Number of protein chains: 2
Amino acid sequence: MKTVTLAHGNGGQENNELISKVFYKAFKNEILEKSEDAAVIQDGTLAFSTDSFTVSPIEFAGADIGKLAVCGTCNDLAMMGAKPKYLTCSVIIEEGFEVETLKRIVNSMKIELEKNGAYVVSGDTKVVPRGSVDKIFINTTGIGEIKQKGISSNEILEDDVIIVSNSVGKHGATIFAAREGIDFSSSLESDCASLWPVVEKLIENGIKIRALRDATRGGVSAVLNEWAKQSNICVEIDEEKIPVTDEVNGVCEMLGFEALSLANEGTFVMAISKDQEEKAMDILKSIDTTKEAAIIGTVSSKHLGKVVLNSPWGTARFIDLPTGELLPRIC
Amino acid sequence: MKTVTLAHGNGGQENNELISKVFYKAFKNEILEKSEDAAVIQDGTLAFSTDSFTVSPIEFAGADIGKLAVCGTCNDLAMMGAKPKYLTCSVIIEEGFEVETLKRIVNSMKIELEKNGAYVVSGDTKVVPRGSVDKIFINTTGIGEIKQKGISSNEILEDDVIIVSNSVGKHGATIFAAREGIDFSSSLESDCASLWPVVEKLIENGIKIRALRDATRGGVSAVLNEWAKQSNICVEIDEEKIPVTDEVNGVCEMLGFEALSLANEGTFVMAISKDQEEKAMDILKSIDTTKEAAIIGTVSSKHLGKVVLNSPWGTARFIDLPTGELLPRIC
């Protein structure tokens, strides 16, 4: 590891290597090492999470970098059972950027903040010369109030069921299509959405969430692999149960990608105990954001630390943490 | 205002215009509108602040972008009387960046975190293709525990005294010299430093701080102008009392800049009541970071909302909020 490569930002194996060898090593502390979507601080009352957004193009079907920046950070808080409350917004803008475009982006942020009931309370604006940044990057960092404690990637149990909240890979497929100028003349658009309203409904209805994570860079594959390792379990997934749209399947065929490894921006993976699956699915199916939710697998002890994909023909294979250069600037 | 210009990032007048017309307008809320260095949240117990760092070059006399990123955000918290506690660290790295350089930068962050007694508890790492970012940008966002309440730019009183904690303009002068390849063969280096240990000592010794702000982009001029407007007071400064080193004066002559408008990264401006000035100065003079501290002026009602610079020859002029393109990528 002499220079940083695009693969180091893939949300997969090389990304984890860079983070652990450089950042975790220097910043060593108990909270950071839990590797959750958000840090739990102040005696378990608050969640705290950061994300920088560098997506290209900055406007695409279903969202723009502003909506993405609010959803991304609010979702990380929601994944710890926290209601998004306060956000900071820090923008780095390239000289010559259109003010009208900036206003559109900021307005997207405003709309999404309202869906979360959150406020931007601190900000920073930097303008850099042409060529120092490509158009605009946004960092959002958020504080949320934890409404359900104990959600963790480290305590998933055997026989828990694994649910995805939406058909997978829509954000990744949309960005790829936009970047390559592919016109599907179709309904393909990013799944980018705020997930707190969904999580709130689950909590209010008594669902005890074991683990919850939004499947961003590295997709569902990355989340399940991290869970398998962190909880020392085997996650078994049924290939035929994974919801994927025809459009996303089409992009995957062109890319040679697996939908399970494509990025999502409004889709979570949830582990809950089997006795709650019916109630949870009823709630998810009743909400527009999660109406394509599906139970995709269960937790076993067959191959500890591994994710197994069972095909409808009785064969099985391991799904690994994504490696190599996926799509840079996906989020 | 059709496109964003470098002047919109100057920490002065155009910067304020962009922030108020685009960001404040959309994100409208009471906390944001206070325009303090950090937002005060959770019933006045916590401070919350964000900053993105884009400085060029990334390593320079006295600091690097890592040290700057921790000092910058921790100082914003300290300026609200808050002890820095938790930080997030979000980096955007250009493909091909040297891992050894990254390790050096992260190590600078580590050293500075220790000085503040703060921890990085959440992070994000993005790698973008060559040309999408110049080397590395770092965002840090911090939460601090407020140890002295009521510090505010909005409540400075007549007869308060104005103190600067260090000779002014060293950071701005250093970056300019480094960028232009000027070798002063001198001791010119950035003032970049963590200010919480100084603020802690002031608080522990019973100093009641009225207003406190680190004089970053836009320098001391920007701070004093904002205070004059926010508190509706007149700040009168004595030119001969402003501490400026010969090296900084040299750079200012080349630039046609005023030292008062040059950026600092470890220098604060403080307003306190007159009866505390002696005690405060004794404390500041006893600490290495602030040994060049000086009382530079007082608060009057002569020209409300204005900053007046009195020369030793009995003349006086207004000092305005800096305008135009100062030095981009100064922090």
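Looking at A:131, A:150, A:142 in this structure, which one is within 14 Å of chain B (Cβ to nearest Cβ), in a loop (DSSP other than H, G, I, E, B) and of a type in the set (Gly, Ala, Ser)?
Details: A:150 fails: within 14 Å of chain B (Cβ to nearest Cβ); A:142 fails: in a loop (DSSP other than H, G, I, E, B).
The unique qualifying residue is A:131.
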If residue B:155 passes every condition in (1) surrounded by 17 or more Cβ atoms within 10 Å (Cβ to Cβ); (2) at pLDDT below 95; (3) closer than 23 Å to residue B:80 by Cα but one, which one does it miss? (1)
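Considering each residue of segment A:110-128, count those that are in a strand (DSSP E or B) and not small (Gly, Ala, Ser), and give that number.
Taking segment A:110-128 as the starting set, the residues that turn out to be in a strand (DSSP E or B) are A:119-128.
So of that shortlist, the ones also not small (Gly, Ala, Ser) come out as A:119-121, A:124-128.
Total satisfying the criteria: 8.
Residues being in contact (Cβ under 8 Å) with a residue 24 or more places away in the chain and either part of a loop (DSSP other than H, G, I, E, B) or over 13 Å from residue A:79 (Cβ atoms) (or both): count how many of those fall in segment A:197-212.
Taking segment A:197-212 and keeping what is in contact (Cβ under 8 Å) with a residue 24 or more places away in the chain, we get A:197-203, A:205-212.
Still in the running and either part of a loop (DSSP other than H, G, I, E, B) or over 13 Å from residue A:79 (Cβ atoms) (or both): A:197, A:201, A:205-210.
Qualifying residue count for the region: 8.
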Quick check on segment B:67-76. Is at least one of its residues modelled with pLDDT of 95 or more and assigned to a strand (DSSP E or B)? no
Residues located in segment B:24-37, provided they are part of a helix (DSSP H, G or I), in contact with a strand residue (DSSP E or B) (Cβ under 6 Å, 6 or more places away or on another chain) and open to solvent by less than 40 Å² (accessible area, probe 1.4 Å): B:27, B:32
Among the numbered criteria (1) among the aliphatic types (A, V, I, L, M); (2) under 21 Å from residue A:189 (Cα atoms); (3) touching a residue at least 60 places away in the same chain (Cβ under 8 Å), which single criterion is violated by residue A:109? (3)
Just the residues that are in a loop (DSSP other than H, G, I, E, B), in contact (Cβ under 8 Å) with a residue 12 or more places away in the chain and small (Gly, Ala, Ser), please, taken from segment B:161-196. B:165, B:167, B:169, B:186, B:187, B:190, B:193, B:194
Inside segment A:29-42, the number of residues satisfying the requirement of being more than 20 Å from the chain's Cα centre (by Cα), more than 7 Å from chain B (Cβ to nearest Cβ) and modelled with pLDDT of 95 or more is 1
Testing residue B:120 on (1) at the interface with chain A (Cβ under 7 Å from one of its Cβ atoms); (2) open to solvent by 10 Å² or more (accessible area, probe 1.4 Å), one condition comes back false. Which one is that? (2)
What's the number of the condition residue B:77 fails, among (1) under 22 Å from residue B:220 (Cβ atoms); (2) in contact with a helix residue (DSSP H, G or I) (Cβ under 6 Å, 6 or more places away or on another chain); (3) surrounded by 24 or more Cβ atoms within 10 Å (Cβ to Cβ)? (2)
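Using the structure shown, decide if residue B:107 is part of a helix (DSSP H, G or I), within 14 Å of chain A (Cβ to nearest Cβ), modelled with pLDDT of 95 or more and out of contact with any Asp or Glu (no Cβ under 6 Å at 6 or more places or on another chain). Spell out how you get there, then give the answer.
On the way: part of a helix (DSSP H, G or I): yes; within 14 Å of chain A (Cβ to nearest Cβ): yes; modelled with pLDDT of 95 or more: yes; out of contact with any Asp or Glu (no Cβ under 6 Å at 6 or more places or on another chain): yes.
Considered against the rule, which asks whether it is part of a helix (DSSP H, G or I), within 14 Å of chain A (Cβ to nearest Cβ), modelled with pLDDT of 95 or more and out of contact with any Asp or Glu (no Cβ under 6 Å at 6 or more places or on another chain), residue B:107 comes out as yes.
From the set of residues in segment A:1-23 that are open to solvent by 20 Å² or more (accessible area, probe 1.4 Å) and in contact (Cβ under 8 Å) with a residue 40 or more places away in the chain, which is farthest from the other protein chains (Cβ to nearest Cβ)?
Here is the first cut: in segment A:1-23, the ones open to solvent by 20 Å² or more (accessible area, probe 1.4 Å) are A:1-3, A:5-6, A:13-14, A:16-17, A:19-21.
If we keep only those that are in contact (Cβ under 8 Å) with a residue 40 or more places away in the chain too, we end up with A:5-6, A:13-14, A:16.
On the way: A:5: 6, A:6: 5, A:13: 13, A:14: 9, A:16: 10 Å.
The selected residue is A:13.
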Which residue is most open to solvent (accessible area, probe 1.4 Å), if the candidates are limited to segment A:314-325 and must be touching a helix residue (DSSP H, G or I) at 6+ places or on another chain (Cβ under 9 Å) and more than 11 Å from chain B (Cβ to nearest Cβ)? A:320
Can you find even one residue in segment A:62-73 that is at the interface with another protein chain (Cβ under 10 Å from one of its Cβ atoms) and among the aliphatic types (A, V, I, L, M)? no
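If you go through segment B:280-313 one residue at a time, how many are open to solvent by 30 Å² or more (accessible area, probe 1.4 Å), aliphatic (A, V, I, L, M) and touching a Cys at 6+ places or on another chain (Cβ under 9 Å)? If you could, list the steps in order and put the result at the bottom.
If we filter segment B:280-313 for residues that are open to solvent by 30 Å² or more (accessible area, probe 1.4 Å), which is where we start, we get B:282, B:285-286, B:288-289, B:291-292, B:295, B:298, B:301-304, B:306, B:310, B:312-313.
In the following step, the residues that additionally are aliphatic (A, V, I, L, M) were identified as B:295, B:304.
From what is left, the residues that are touching a Cys at 6+ places or on another chain (Cβ under 9 Å) are B:304.
Result for segment B:280-313: 1.
Every residue in segment A:67-95 that is β-branched (Val, Ile, Thr) and without any contact (Cβ under 8 Å) to a residue 60 or more places away in the chain, please.
First, the residues of segment A:67-95 that are β-branched (Val, Ile, Thr): A:70, A:73, A:88, A:91-93.
Correct list: A:88, A:91, A:92, A:93.
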Using beta carbons and a limit of 7 Å, which pairs, at least six apart or on different chains, have the first residue in segment B:306-331 and among the basic types (Lys, Arg) and the second one open to solvent by 40 Å² or more (accessible area, probe 1.4 Å)? B:306/B:318
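Go through the residues of segment B:285-300 one by one and say whether even a single one is under 23 Å from residue B:60 (Cβ atoms), within 15 Å of the chain's Cα centre (by Cα) and not aliphatic (A, V, I, L, M). Spell out how you get there, then give the answer.
If we filter segment B:285-300 for residues that are under 23 Å from residue B:60 (Cβ atoms), which is where we start, we get B:288-292.
Now narrow it down to the ones that are within 15 Å of the chain's Cα centre (by Cα): B:289-290.
From the residues that got through so far, the ones that are not aliphatic (A, V, I, L, M) too are B:289-290.
Yes: segment B:285-300 contains one or more residues that are under 23 Å from residue B:60 (Cβ atoms), within 15 Å of the chain's Cα centre (by Cα) and not aliphatic (A, V, I, L, M).
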The one condition in (1) surrounded by fewer than 23 Cβ atoms within 10 Å (Cβ to Cβ); (2) among the hydroxyl-bearing types (Ser, Thr, Tyr); (3) more than 8 Å from every other protein chain (Cβ to nearest Cβ); (4) under 29 Å from residue B:165 (Cβ atoms) that residue B:101 fails to fulfil: (4)
Scanning segment A:41-63 residue by residue, those surrounded by 23 or more Cβ atoms within 10 Å (Cβ to Cβ) and not in a loop (DSSP other than H, G, I, E, B) turn out to be A:46, A:47, A:48, A:49, A:50, A:51, A:52, A:53, A:63
Sole miss for residue B:253 among (1) touching a Cys at 6+ places or on another chain (Cβ under 6 Å); (2) surrounded by fewer than 17 Cβ atoms within 10 Å (Cβ to Cβ) is condition (1)
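Rundown of residues vs (1) among the β-branched types (Val, Ile, Thr); (2) at pLDDT below 95, yes/no style:
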{"site": "B:185", "(1), (2)": "no, yes"}
{"site": "B:194", "(1), (2)": "no, no"}
{"site": "B:216", "(1), (2)": "yes, no"}
{"site": "B:219", "(1), (2)": "no, no"}
{"site": "B:235", "(1), (2)": "yes, no"}
{"site": "B:247", "(1), (2)": "no, yes"}
{"site": "B:250", "(1), (2)": "no, yes"}
{"site": "B:255", "(1), (2)": "no, yes"}
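In this structure, is residue A:91 buried (at least 24 other Cβ atoms within 10 Å of the Cβ), in contact with a strand residue (DSSP E or B) (Cβ under 6 Å, 6 or more places away or on another chain) and more than 12 Å from residue A:143 (Cα to Cα)?
Taking the combined requirement at face value, the residue satisfies it.
Could you please give the count of residues in segment A:197-224 that are open to solvent by 10 Å² or more (accessible area, probe 1.4 Å) and either touching a strand residue (DSSP E or B) at 6+ places or on another chain (Cβ under 8 Å) or among the hydroxyl-bearing types (Ser, Thr, Tyr) (or both)? If you could, list the steps in order and put the result at the bottom.
To start, the set of residues in segment A:197-224 that are open to solvent by 10 Å² or more (accessible area, probe 1.4 Å) comprises A:197, A:200-201, A:203-206, A:208, A:210, A:213, A:216-217.
So of that shortlist, the ones also either touching a strand residue (DSSP E or B) at 6+ places or on another chain (Cβ under 8 Å) or among the hydroxyl-bearing types (Ser, Thr, Tyr) (or both) come out as A:200, A:208, A:210, A:213, A:216.
Going through segment A:197-224 one residue at a time, the tally reaches 5.
The values are calculated or read from the model by the stated rules, or taken from the named source; none is laboratory data. In this text, all values refer to a predicted model and were calculated from it rather than measured experimentally. Neighbour counts run over all protein chains shown; Cβ positions are idealised from the backbone, glycine included. Remember, those area values only see protein heavy atoms, side chains included, never the ligands or the DNA or RNA. Shrake-Rupley method; radii C 1.70, N 1.55, O 1.52, S 1.80 Å.
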